[in-house]
Amino acid sequence: MSVTEKDVRYVAGLARLQLSEKEVKTLAGDMNDILGYMDQLNELDTTNVEPLEHVIEMDSRLRKDEAKAPISHEDALKNAPDADSDYFRVPKVIE
């Protein structure tokens, strides 16, 4: 498959991009180069290659998801800069 300048203009129109003629020609060439690389990758034999989740081995460094007691209402409001008896008081954002 080959990308033509007409294809580039069509995609640019969908994306609401205004491209000069030089940019159209450059992008058409770049897109064709990318498709050429994809064709090279499609020629590789990957029958015995297992799919990867990530290209490098990584251990999960996240903490375990454990249920804990919720914070009390009083503790939540204790550090609020401005609080009513039951709510956080914030500046009005809608007039």
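Bear in mind that the values in this text are calculations on the coordinates, not laboratory data. Just so it is clear, the model here is predicted, and its values are computed rather than measured. Using ideal geometry, Cβ is built from the backbone for each residue, glycine included, and neighbour counts are taken over all protein chains shown.
Let me know the charge dipole size of the chain about its Cα centre in debye, to the nearest 20, where only the beta-carbon of Lys, Arg (+1) and Asp, Glu (-1) is charged. Don't skip to the end; give the middle numbers.
Numbers: 12 positive and 21 negative charges, 100 e Å.
Using Cβ point charges on Lys, Arg, Asp and Glu, the chain gives about 480 debye.
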- [ ] Give me the angle, in degrees from 0 to 90, between the Cα long axis of helix 21-42 and the longest principal axis of the Cα atoms of the chain, rounded to the nearest 10.
- [x] 90
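Two decimals, Cα atoms only, Kirkwood Rh: what is Rg/Rh over the chain?
Numbers: Rg = 27.8 Å, Rh = 20.7 Å.
So for the chain, dividing Rg by the Kirkwood Rh gives 1.34.
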- [ ] Can you pull a Stokes-Einstein diffusion coefficient for region 1-52 at 37 °C (0.692 mPa s), Rh from Kirkwood over Cα pairs, as a whole number of µm²/s?
- [x] 257
- [ ] Tell me the label-point distance for the pair Glu21, Met38, using the 7 Å Cα-to-Cβ offset, in nm and rounded to one decimal.
- [x] 2.9
Task: Rounded tilt (10° steps) of 5-14 against the dominant C-alpha axis of the chain - done: 20
Task: Computed FRET value (nearest 0.05) for Tyr87 with Arg61, which takes r as the C-beta separation and R₀ as 41 Å - done: 0.65
TODO: Determine the gain in length on full extension of the stretch Lys6-Asp30; use 0.36 nm per residue of separation and subtract their C-alpha separation, reporting nm with one decimal.
DONE: 7.2 nm
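Expected output is a single nm value to one decimal: the length gained when fully extending between His73 and Asn48, i.e. 0.36 nm times separation in residues minus the C-alpha distance. What is it?
Values: separation 25, 0.36 × 25 = 9.00 nm, distance 5.67 nm.
Extra length from His73 to Asn48 when fully extended: 3.3 nm.
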Open item on the list: Given contacts defined as C-alpha pairs under 8 Å and at least six residues apart, what's the relative contact order of the chain, whole-number percent?
Closed with: 18
